[in-house]
2 protein chains.
Amino acid sequence: MAFTTEQQPGVHAPTADSEGFVLNHTMLRVKDPAVSLAFYTRVFGMSLLRKLDFPEMAFSLFFLAKLDTHEQVPEDIGARTVWTFGQRGLLELTHNWGTEEQADFKYHDGNAQPQGFGHICFAVPDLAKAVAWFDANEVTFVKRPDQGKMKDVAFVKDPDGYWIEIVQPELNANLGR
Amino acid sequence: MAFTTEQQPGVHAPTADSEGFVLNHTMLRVKDPAVSLAFYTRVFGMSLLRKLDFPEMAFSLFFLAKLDTHEQVPEDIGARTVWTFGQRGLLELTHNWGTEEQADFKYHDGNAQPQGFGHICFAVPDLAKAVAWFDANEVTFVKRPDQGKMKDVAFVKDPDGYWIEIVQPELNANLGR
């Protein structure tokens, strides 16, 4: 029998009611989209699938994906919006207009008090190579792989200070055992 | 030529340096994992891929995926951990042991001040049917599809108060235009 789920208190088997549900995106507010877009597209190789503007509410949304090289993204804007909302694992950045011009404006990273959201995480094929790439791009580290209790895991910061975990999957086969 | 990215200030084309990077997960701290697991597995049909315990640091991690019906998840625990870290678009819930027993303990949702993280989002095949399913499960709404300025979009709350956006992709072809 194929694996479906680990059994823990609270866990239910999925039913037909949630068939077709897709975990589409995580939304983070960003101070300056030009800075954040440079970071996520250059350092993490993400593509900007759609920018959506809402002038009457003075904000814009940016939908980013780390695409597989074989993925076919529709050219047509309407079709691309629909395609975007149906994908798994996107990053949505929200820009409330004007924050980039306020010198002391800062979003909350969720790890300082009050805590809640912790981080996003990228898997990478080669952790050492990724660390060198982040250093070459002057990315700020929260924790390098050899620091702290969890070896083989790094944490870096995005331009707003949100934490990004970096893991190389095969180094972590025995994690938590 | 296939679509790669929208052009906006800051956007770079991906390079070989980020080849193989995968946006693996988003981490949210939860007060009571039994309550959160019941919610995400029953209401959203997610599967618990791995629970990882860290007794020396007094926390556990729960990795959840909304699996496609055809996905093959490894049975073997080590192989399943590696597979889990290589997937796109998972939800990681962190439980700091003991919070579930503190009556007034509460995590910060990121939408009250101080703001930062906003929400996660599920795409659903039928918004009206999903709303009925959430009502049948007594899920709390932040906004129903007919409320507010953005029609055809709902927001519900998870047990810790984190917001979950609900969209039906094809209803949003003209969003932000």
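Here are the numbers for the structure shown:
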| read-out | value |
| --- | --- |
| Partner chain coverage, peptide A:53-63 - average Cβ within 10 angstrom | 2 |
| Relative contact order (%) - chain A, alpha-carbon pairs under 8 angstrom, separation at least six | 21 |
| Most positive-pole-ward Cα, A:Y40, A:G10, A:P55, against dipole of chain A from beta carbon charges | A:G10 |
| Proximal charge balance of A:Y40 [Cβ under 10 Å; K/R count +1, D/E count -1] | +1 |
| Whether the range B:23-99 is rounded, prolate or oblate, judged on the alpha carbon gyration tensor where a/c under 1.5 counts as rounded | oblate |
| Amide proton proximity set for A:F117, modelled H, under 5 Å, gap of 5+ | B:R29 |
| Global form of the range B:118-177, assessed from the alpha-carbon gyration tensor, a/c cut-off 1.5 | prolate |
| Listed pairs A:K106/A:K129; A:K51/B:K149; A:K157/B:K143; A:K129/A:K157 exceeding 26 Å between Cα atoms | A:K106/A:K129; A:K157/B:K143 |
| Summed side-chain charge close to A:W163 - residues other than A:W163 whose Cβ falls under 11 Å, Lys, Arg +1, Asp, Glu -1 | -2 |
| Burial order of peptide ranges B:105-118, A:127-140 (average beta-carbon count within 10 Å, highest first) | B:105-118, A:127-140 |
| Debye, to nearest 20: dipole size of the range A:65-177, +1 on Lys, Arg Cβ, -1 on Asp, Glu Cβ | 580 |
| Residue (of B:G20, B:Q72, B:L90) at the positive-pole extreme of the protein assembly as shown, dipole from beta-carbon charges | B:L90 |
| For the range B:1-82, size of Cβ-based charge dipole, Lys and Arg +1, Asp and Glu -1, in debye | 420 |
| Phi-based couplings in Hz for the range A:28-43 (Karplus 6.51, -1.76, 1.60; Gly and Pro marked x) | 10, 7, 10, 6, 9, x, 5, 5, 5, 5, 4, 5, 6, 7, 7, 7 |
| Virtual spin-label span in nm between A:E100 and B:Q147, 7 Å along Cα→Cβ | 3.3 |
| Beta bridges by DSSP in the range A:22-136, antiparallel share as percent, to the nearest 5 | 70 |
| Average partner coverage of B:73-80, which counts Cβ from other chains inside 10 Å | 3 |
| Chain A: most fluctuating residue of A:T41, A:T69, A:T99 per GNM, C-alpha cutoff 10 Å | A:T69 |
| Residue of A:T84, A:T15, A:T26 that the Gaussian network model of chain A assigns the largest fluctuation, springs spanning Cα pairs under 10 Å | A:T15 |
| Local net charge near A:G20, Cβ-Cβ under 13 Å (Lys/Arg +1, Asp/Glu -1) | -2 |
| 3J(HN,Hα) from dihedral phi, the range B:113-129, Karplus parametrisation 6.51/-1.76/1.60, rounded to Hz, x for glycine, proline | 6, x, 7, x, 3, x, 5, 9, 9, 10, 7, 10, x, 8, 4, 4, 5 |
| Alpha-carbon centroids, the range A:64-94 and the range B:60-121: separation in whole Å | 23 |
| Ranking by accessible area, most exposed first, for B:K149, B:K157 with a 1.4 Å probe | B:K149, B:K157 |
| Bridge type composition, the protein assembly as shown - antiparallel percent by DSSP, nearest 5 | 75 |
| Ranking by accessible area, most exposed first, for A:I164, B:I77 with a 1.4 Å probe | B:I77, A:I164 |
| Prolate/oblate/rounded label for the range B:64-177 (Cα gyration tensor, a/c 1.5) | oblate |
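The values are calculated or read from the model by the stated rules, or taken from the named source; none is laboratory data. Fair warning: this is a prediction, and the values are worked out from it, not measured in the lab. All Cβ positions, even for glycine, are placed from backbone atoms using ideal geometry, and neighbour counts span all protein chains on display. Only protein heavy atoms, including side chains, enter the accessible area calculation; ligands, DNA and RNA are left aside. Shrake-Rupley method; radii C 1.70, N 1.55, O 1.52, S 1.80 Å.
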